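Down below is the structure, laid out as structure tokens.
The values are calculated or read from the model by the stated rules, or taken from the named source; none is laboratory data. Model, not experiment: these values are computed from the prediction. Virtual Cβ from ideal backbone geometry, glycine too; neighbours counted across all protein chains shown.
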Amino acid sequence: MIHVRLAAPGVDVEFRAASGITALFGAAGAGKTAILDAIAGFTKPQAGRIILDDQILFDAASGVNLPSRRRRCGYVARLWALFPHMTLRDNLLFPLAGLPRLERHRRVNEALERYALRDCATRRPQEAAPDEQLRAAVARALIGEPKLLLVDEPAAGLDLALRGEWHRVLRQARDDAKLPILLATRDLETCFELAGEMLLLGAGRILQTGPPRLVLDRPASVEAARLLGVRNLFQAEIAALDPGRNTSRLRLDQFELTGPYLPGRLRGDRVWLCVEPGHLRATAHDGSKPAANQVPACLERVSQLPRAVRLEFAGGIVAEVPRHEFERQKDNKDWLVEFPPDALRVL
Amino acid sequence: MPLDWSPLWLSLRYAAFATLLAAVPALPIAWLLARRRFPGCELVAAAANLFFYVPPAVVVYYLLAGAGVAGLRFQWDAAVAVSAVYTLPVLLYMMRGGMEAVDGQMANAARTLGAGEWRTFSRITLPLAWKALLDGVVVGFLRAFADFTLTMIAARRAGIGLLLPFAAFAAVDLARRLRRRQVAV
């Protein structure tokens, strides 16, 4: 378990992370690397405290600041940072300098076996394949038996095959080592694939925490929703509240919607409304009167996604529909977009 | 006429000692400037770079004056010391550049793997920067070996013997005078 409370230029956060992968998710400059650097001891925060398994790594009040070499934090850098003048075997031997010779070789052989590096152990990093490099980087970070693993978004820029391998290796590390892993990433898919918990970072502050599914489904604020890439964000006024039917009436700029009842809100309150593009239903408008929560919309732009089609309508409405559904009605000019009441999220 | 090789050997010895003497402080100072931020860090770097913009005669004059103030008798060792101080900025400049070119993530990774500062320097920074460090030593050696102002003053004031650049100049000058005399006769 690690408990971090720190304040540094542009960063002010407090969080705990238990065994398993905790993703630090945020845009570039959100403070992910600054947090990892402070935990690893590369930078000294202005204030705060970092405790790892009852050991104080840093405490501004009492002046404790352990050097990196004594913090027992494994670190996987963005570009792996394998030492290019050493073979992969020597890279793995590097953290074990203080151990007896036999123990060193036992651990290295075990790591080479576990991470499938035996065939390339005598190669230098630049001579090894990219998947071997990433396995070696993780193996080296874990061979010294750290209490915490810090991973600084190395998946950025990896192709799809390598990304799959990277996820597999990190899952293996999580299951084998059973230690807290802090993973800085800008990739939402990586969060969903690997992380049990997610810290949503914006401008050096934690905006929201929780399991990735929950964070994405229920963004706590407009800022959080924007960071998560939620496309449909609308300002609305609560026009009516009906606790008997468990519904509410929401007035947007150009149309009105029926939503779920909003406990704790009053009529006339201004709220932010968000809807996942995949939850909207877009169909051809045959000229008939729109049903409840259906809005006539003019299609402005169509873009192809790997498994769907994104439709951008006037008024900032974005829907994603399956490709086959779009193909059936692609010549259509007028559309009806339906906002299912249970898909509406009020921030 | 037999060839006199002594200026060459003397110059090689003189430049080698001066480079070695300069390299000893240059290495840790370059590491400090490349890897650490401390009060006055930029001032040290600027002072070292200043040597590039001041004419060599002026630099050597003040170094000699400094040696005089320090009470050094201007002999072989003092001449080498002056040359080392004159060479130091070149070494510093090139060594610092070489160390800065080594990815800082390598050193950070080494630290998280349990390495102290000395081990990080000797096992990671030094092997990765050795080409740039060698370049610095070669350029520093050539500066000590071939700089005319420095070698002339060292040769004439310290009386350590003729160094190659000044010996070459003296030989050319003598030949020119002899030719003039023959023409006059």
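Residue A:225 meets the conditions (1) without any contact (Cβ under 8 Å) to a residue 40 or more places away in the chain; (2) hydrophobic (A, V, I, L, M, F, W, C); (3) assigned to a helix (DSSP H, G or I) in every case but one. The failed one is (1). Of all residues in segment A:292-331, those satisfying the criterion of being of a type outside the set (A, V, I, L, M), free of Cβ contacts under 8 Å to residues at least 24 places away in the same chain and assigned to a strand (DSSP E or B) are A:300, A:301, A:303, A:304, A:312, A:322.
Return the residue satisfying two criteria in turn: it lies in segment A:70-90 and is more than 18 Å from residue A:154 (Cα to Cα) and touching a residue at least 12 places away in the same chain (Cβ under 8 Å), and of such residues it is nearest to the other protein chains (Cβ to nearest Cβ).
First, pick out the residues of segment A:70-90 that are more than 18 Å from residue A:154 (Cα to Cα): A:70-72, A:85-90.
Then keep just the ones that are touching a residue at least 12 places away in the same chain (Cβ under 8 Å); that gives A:71-72, A:85-89.
Details: A:71: 7, A:72: 9, A:85: 5, A:86: 9, A:87: 13, A:88: 14, A:89: 15 Å.
Checked segment A:70-90; the qualifying residue nearest to the other protein chains (Cβ to nearest Cβ) is A:85.
Out of (1) among the aliphatic types (A, V, I, L, M); (2) touching a Ser or Thr at 6+ places or on another chain (Cβ under 9 Å); (3) within 14 Å of chain B (Cβ to nearest Cβ); (4) surrounded by fewer than 22 Cβ atoms within 10 Å (Cβ to Cβ), the odd one out for residue A:97 is which? (2) is the only condition that residue A:97 fails.
Could you say which residue among A:175, A:152, A:159, A:131 is assigned by TED's automatic domain parsing to the domain that holds residue A:198, over 17 Å from residue B:114 (Cβ atoms), under 27 Å from the mean Cα position of the chain (by Cα) and crowded, with 22+ Cβ neighbours inside 10 Å? Walk me through how you get there before you give the answer.
Values: A:175 fails: crowded, with 22+ Cβ neighbours inside 10 Å; A:159 fails: crowded, with 22+ Cβ neighbours inside 10 Å; A:131 fails: crowded, with 22+ Cβ neighbours inside 10 Å.
It is A:152.
Checking the conditions here, which among A:245, A:307 is touching a Lys or Arg at 6+ places or on another chain (Cβ under 8 Å), among the basic types (Lys, Arg) and exposed (fewer than 11 other Cβ atoms within 10 Å of the Cβ)? Step by step, each of A:245, A:307 is checked, and only A:307 is touching a Lys or Arg at 6+ places or on another chain (Cβ under 8 Å), among the basic types (Lys, Arg) and exposed (fewer than 11 other Cβ atoms within 10 Å of the Cβ).
When segment B:10-69 is examined, which residues are found to be among the β-branched types (Val, Ile, Thr) and within 15 Å of residue B:96 (Cβ to Cβ)? Outline the logic, then answer.
Taking segment B:10-69 and keeping what is among the β-branched types (Val, Ile, Thr), we get B:19, B:24, B:29, B:44, B:54, B:58-60, B:69.
Result: B:29, B:44.
Of the numbered criteria (1) part of a loop (DSSP other than H, G, I, E, B); (2) under 33 Å from the mean Cα position of the chain (by Cα); (3) of a type outside the set (Phe, Trp, Tyr), the one residue A:278 fails is (1). Screening A:40, A:34 for residues that are in contact (Cβ under 8 Å) with a residue 60 or more places away in the chain and more than 9 Å from every other protein chain (Cβ to nearest Cβ) leaves exactly one candidate, A:34. Among the residues making up segment A:224-241, a single one is at pLDDT 90 or above and charged (D, E, K, R): A:237.
Could you tell me whether segment A:198-217 includes any residue that is among the acidic types (Asp, Glu), out of contact with any Asp or Glu (no Cβ under 9 Å at 6 or more places or on another chain) and not in a strand (DSSP E or B)? No; the residues of segment A:198-217 include none that is among the acidic types (Asp, Glu), out of contact with any Asp or Glu (no Cβ under 9 Å at 6 or more places or on another chain) and not in a strand (DSSP E or B).
The single residue among A:81, A:141, A:116, A:129 that is on the phi < 0 side of the Ramachandran plot and out of contact with any Gly (no Cβ under 7 Å at 6 or more places or on another chain) turns out to be A:129.
Does at least one position in segment A:275-290 carry a residue that is over 25 Å from residue A:329 (Cβ atoms) and not small (Gly, Ala, Ser)? Taking every residue of segment A:275-290 in turn, none turns out to be over 25 Å from residue A:329 (Cβ atoms) and not small (Gly, Ala, Ser). Checking A:171, A:251 one by one, the residue that is among the basic types (Lys, Arg) and more than 30 Å from residue A:55 (Cα to Cα) is A:251 and no other. Any residue that is farther than 30 Å from residue B:171 by Cα, within 14 Å of another protein chain (Cβ to nearest Cβ), under 20 Å from the mean Cα position of the chain (by Cα) and surrounded by 22 or more Cβ atoms within 10 Å (Cβ to Cβ) - is there at least one of those in segment B:118-132? Yes: segment B:118-132 contains one or more residues that are farther than 30 Å from residue B:171 by Cα, within 14 Å of another protein chain (Cβ to nearest Cβ), under 20 Å from the mean Cα position of the chain (by Cα) and surrounded by 22 or more Cβ atoms within 10 Å (Cβ to Cβ).
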